[in-house]
1. Once you put a point 7 Å from the Cα of L48 and another 7 Å from the Cα of R81, both along the Cβ direction, what distance in nm separates them?
2. Once Rg and Dmax of the Cα atoms in Å is worked out from the coordinates, which option in (1) 20.3, 62; (2) 16.2, 46; (3) 17.9, 70 does it equal?
3. Rounded to a whole number, what % of the accessible area of the chain do carbon and sulfur atoms account for, probe 1.4 Å?
4. Under 5 Å between amide H atoms, partner at least 5 residues away or on a different chain: which partners does N188 have, H built in plane at 1.01 Å?
5. Would you mind putting 100-108, 28-36 in packing order, based on average other-beta-carbon counts within 10 Å, highest first?
6. Provide the gained length on full extension for the span E163 to Q201, in nm with one decimal, where the gain is 0.36 nm per separating residue minus the Cα-Cα distance.
7. Rounded to the nearest 500, what is the chain's calculated 222 nm mean residue ellipticity when only DSSP H runs of at least 4 contribute -39500 (n - 2.57) each, over all residues?
8. List residues of the stretch 186-224, by number, whose backbone nitrogen lies under 19 Å from a label position 7 Å along Cα→C-beta of E88.
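The values are calculated or read from the model by the stated rules, or taken from the named source; none is laboratory data. Remember, it's a predicted structure, so these values are computed and weren't measured experimentally. Methodologically, a virtual Cβ is constructed for each residue, glycine included, from the backbone with ideal geometry; neighbour enumeration extends over all protein chains shown. These area figures cover heavy atoms from the full protein model, side chains too; ligands, DNA and RNA do not enter into them. Shrake-Rupley method; radii C 1.70, N 1.55, O 1.52, S 1.80 Å.
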Amino acid sequence: MIQSIKRALLILEIIARAGGSAKLTHISAKATLGKTTAHNILKTLHSLGYVKKGISTKQYHLGERILNIARTAGDDQELKRRLRPLLERISEKSKETVYLAVLSGDEVFYLDAVESTQMLRSTRPIGEREPVGGSAIGQIFLAFVPGLSERLTADPGESISDEVQKQVTRVANVGYSIAMEMLHPGLNCVAVPWRQGGEVQAAIGLSGPSARLSQEKLASYAVMMMKEVERSFHGD
């Protein structure tokens, strides 16, 4: 047993059992550690993004990066199985690359993709991660996952620009996201939410060369994609 690892994991469990946030005095008492030792471990966890420290409350919170390694493979496989026909229909209608992504902590995680058969196309490696604020897919989660934007903005380690915040507000109003060469030069994207139980559980994205996908074309694809998402529920 490596004592420092054991203590760090114990501290994460203590914060989780306290409802996701706890003060240093509570953590050190529950872990039977001195405050200095507990503080040093928390400092390390904070620098790695596994805990965050409140400015006014002096509470330590579980960090977004905890969720980056906490996705349940079984649930992801079921989601991929269920939504694969939806991806294939959208790809067949658009002839572009279509992909499925989920929120994983403070990142977007790509679960599945149907690539375009056209010679000039975009690719989306399954298992790839991207910052949540850097893509059309990410803006779907920022717009529709309650509290996500506020949490990331409040974290000194994160950076969501005013321009992205404006785009997120627009996404919340129109129901879909468009990114014109936002993350990758020469590549335009559109994304729509997929909900279960009224909550956004995933996002469906479509991308291709900017020379082929104008903003007007992407907007028309967004309408088609939302109709296909609705159809997928009627077909369940």
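1. Computed distance between label sites L48 and R81 equals 3.4 nm.
2. Here the calculated entry is (1).
3. That fraction is 53 percent.
4. When sequence neighbours closer than 5 places are left aside, the close amide H contacts are E181, G208, S210.
5. Per-residue mean Cβ counts within 10 Å order the peptides as 100-108, 28-36.
6. Extending this stretch completely gives an extra 11.2 nm.
7. So the helix-based figure for the chain works out to -14500 deg cm²/dmol.
8. Within reach of a label on E88, which here means backbone N under 19 Å from a point 7 Å along Cα→Cβ, the stretch 186-224 contributes 204-206.
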